[in-house]
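Written below as C-alpha cells is the structure these notes are about.
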Ligand code: EPZ
C-alpha cells in the first residue's frame, strides 16, 4: 500500500501547472459514446479514474488510442456493447454517467448499480427518474440498472430536479442530446464542469443552451459527429495548491488555470488573510508574514463554496488564529478528516454536519490515514504545515484526483516522497 511521507514546516514557493479537470473529463469521456465519428479529447489529467474510464469505454466496444498521457482518441462508431460491468463501476461511481449516453445511442443499457462510498450513500434516483421521464423503462435486477427505450428513441421532456445534482444534470443532458424533441432541465446544477460538457457536446453537433444557469434547454438532434475538445483546468486542484500555500505561509502561483471558476474559494482565501492576484490563466496566493485567521464556511452548489474544497480549508483553519464553523451541506459524511487532523494536534469537534475548528499555533506530524479523495488532500495540506514527519496511508485515494501530487509539491519546495508501506485492507 503506497504511502506519502511528508516533512512539514517549510513555506511553499514557486509556480505549479494545473492539470485538466477530473470532474469535467469524466462526463466528457462518457459523452464520446454519443459520437458516430471519432473524437479527440485534449488536456485529460493522468489519473486512475481516467484510466478506469478508458477501460469502461473499451468494454463498451470503443476503440481508444492514447497519443500521450493527456490526449485520447475515441472511436465509438462501431461500439455496440451496452453493459457497464460491476468490476469497473465498483472502482469508479462516475461510471453511472454512461447510462444516459448508452440509452440515447443504443436504446438500452445495463449498468452495475453504483454503491455508496466513504462520503455518503450517493443515490442515483434523480438520474433514473429523469430518464424514465424521457421514456426509459428501468428495473433493478441482480445489482444492475437494466434500462431500455421502447421504440428505440428517448423523448424530450420537461424535468424538474428536486435536488441540485451535478451527475444527474450531466446524465440527463447527454441523454437529451439525441432525444426526439426538446428537453428542459429545471433546477439544473451550474458547475463549470457542466458548462464544459455542454461546450464539448455542442462542438460535436449538439444543441444545448443555458449551461451554467439553473435551466438547461436541449434540442434533440439525429446524431453527433466527431471533433476535438480540450478539457477545462481543474478548479479543485487549483484551490488545493492555493490552500497549501496558505497553510504553509508561502507564495505560490498556479498556472494554466481559470480564476473565474473558483471565485467563492478565492474570496474565502482572502478572508483568511491571504493576498490573491489573478490573470487570465493564473492565480497567485501570497501568505508570507500574514496573520491567517480561521474562516467560517458553508458548502453549497456552485457558485457557492464547493464541497470538494471543504477538507482543504479545514486543514488551513486547524492552524490559523481564532475559531471557525464549517457546515457541510452536500454529503452526509464528509467531515471524517477531522479525527485524523486531531491526531496532528488540531482541535476540531464534529456535531452532525458541522465542525467547530479552534485554530492551534502549530500542528505536529503523525501517522494518519486517508479515507477519501478530498479528505486525503486536506491531510497533505496539514502535513505540509505541521512540524515533523507525517506518514499518510492509503494514498490510492489521492491518486484518483491529483496528477503526480508529490512531484508537483516537490517543485514548490516541499519535502515529500512516496514509498510502499505495509499492506492493509483497502476501504
Ligand atoms: C459530483 O458528484 C462530483 N463528482 C463530486 O466530486 C462533487 O463533490 C459533487 O458533484 C458535488 O459537487 C464528479 O463530478 C465525478 P451530486 P455527484 O449528484 O454528481 C444527492 C470529487 O471529490 N443526490 O451533485 O455524485 C447526493 O446524495 C467528487 O471529485 C441525490 O439525492 O454529486 C448529494 O447529497 C466527490 N440523488 C447531492 O445530491 C441523485 O440521484 C449532490 O450530489 C444524485 C445526487
Which members of the stretch 67-84 meet the condition of being more than 19 Å from residue 99 (Cβ to Cβ) and modelled with pLDDT of 95 or more?
70, 71, 72, 73, 75, 77
Pair list, Cβ < 6 Å and 6+ apart or interchain, from the stretch 214-229 residues that are at pLDDT below 95 to residues that are crowded, with 18+ Cβ neighbours inside 10 Å and assigned to a strand (DSSP E or B):
226/35; 226/39
Among residues belonging to the stretch 93-108 that are buried (at least 21 other Cβ atoms within 10 Å of the Cβ) and over 18 Å from residue 223 (Cα atoms), point out the one that is farthest from the ligand (Cβ to nearest atom).
95
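Quick grid of which residues meet (1) away from the ligand (no atom under 16 Å from the Cβ); (2) under 22 Å from the mean Cα position of the chain (by Cα); (3) surrounded by fewer than 17 Cβ atoms within 10 Å (Cβ to Cβ); (4) part of a helix (DSSP H, G or I):
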{"residue": "7", "(1), (2), (3), (4)": "yes, no, no, no"}
{"residue": "11", "(1), (2), (3), (4)": "yes, no, no, no"}
{"residue": "14", "(1), (2), (3), (4)": "yes, no, yes, no"}
{"residue": "29", "(1), (2), (3), (4)": "no, yes, no, yes"}
{"residue": "45", "(1), (2), (3), (4)": "no, yes, no, no"}
{"residue": "49", "(1), (2), (3), (4)": "no, yes, no, yes"}
{"residue": "57", "(1), (2), (3), (4)": "no, yes, no, yes"}
Of the residues 381, 398, 392, 330, which single one is in a strand (DSSP E or B) and buried (at least 17 other Cβ atoms within 10 Å of the Cβ)?
392
Among the residues that make up the stretch 157-171, is at least one of them within 9 Å of the ligand (Cβ to nearest atom) and surrounded by fewer than 17 Cβ atoms within 10 Å (Cβ to Cβ)?
yes
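The values are calculated or read from the model by the stated rules, or taken from the named source; none is laboratory data. If you're wondering where the values come from, they're calculated on a predicted model, not measured in any experiment. Cβ: placed from backbone, ideal geometry, glycine included. Neighbour counts: every protein chain shown.
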